[in-house]
Amino acid sequence: MSHRSFNRPFFSQVAVVKQIFLNLDLKKVYSDYEEESYQQLMSKINNLSSTDLPKEMFIAFAQKIFKRIK
């Protein structure tokens, strides 16, 4: 980070970061990553053997955190 950025008003720095976020389409990148991760998790849960912990417990937890908004 250059020294010049410390002299700029904060809002202009936020605007730059927001523009980069939009240019890189990070909302879609994250959404795609979340969907892929969820599918991988569900696959692993479904592959649990009957001697492991109950699948329903893992499914309920996964559904609580999938696509949540803070």
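The values are calculated or read from the model by the stated rules, or taken from the named source; none is laboratory data. None of these values were measured; they are calculated from a predicted model. Every residue, glycine as well, gets a Cβ built from its backbone with ideal geometry; the counts of neighbours run over all protein chains shown. Each accessible area value is taken on the protein alone, full model and side chains, heavy atoms only, with ligands, DNA and RNA left out. Shrake-Rupley method; radii C 1.70, N 1.55, O 1.52, S 1.80 Å.
For the range 54-70, a residue qualifies if it is exposed (fewer than 12 other Cβ atoms within 10 Å of the Cβ) and part of a helix (DSSP H, G or I), and the qualifying residues are GLU56, MET57, ALA60, LYS64, ILE65.
Consider only pairs whose beta carbons are under 9 Å apart and that are at least six residues apart or on different chains; among these, list those whose first residue lies in the range 43-70 and is closer than 21 Å to VAL29 by Cα and whose second residue is surrounded by 10 or more Cβ atoms within 10 Å (Cβ to Cβ) and hydrophobic (A, V, I, L, M, F, W, C). Listed by first residue and then by second, the contacts come to ALA62/LEU41; ALA62/MET42; ALA62/ILE45; PHE66/LEU41.
Within the range 33-53, take every residue that is assigned to a loop (DSSP other than H, G, I, E, B) and open to solvent by less than 70 Å² (accessible area, probe 1.4 Å) and give me the one that is nearest to ARG68 (Cα to Cα).
LEU48
Restricting PHE61, PHE6 to residues that are out of contact with any helix residue (DSSP H, G or I) (no Cβ under 8 Å at 6 or more places or on another chain) and modelled with pLDDT under 85 narrows the list to PHE6. Residue count for the range 23-32, restricted to those that are surrounded by 11 or more Cβ atoms within 10 Å (Cβ to Cβ) and of a type outside the set (A, V, I, L, M): 3.
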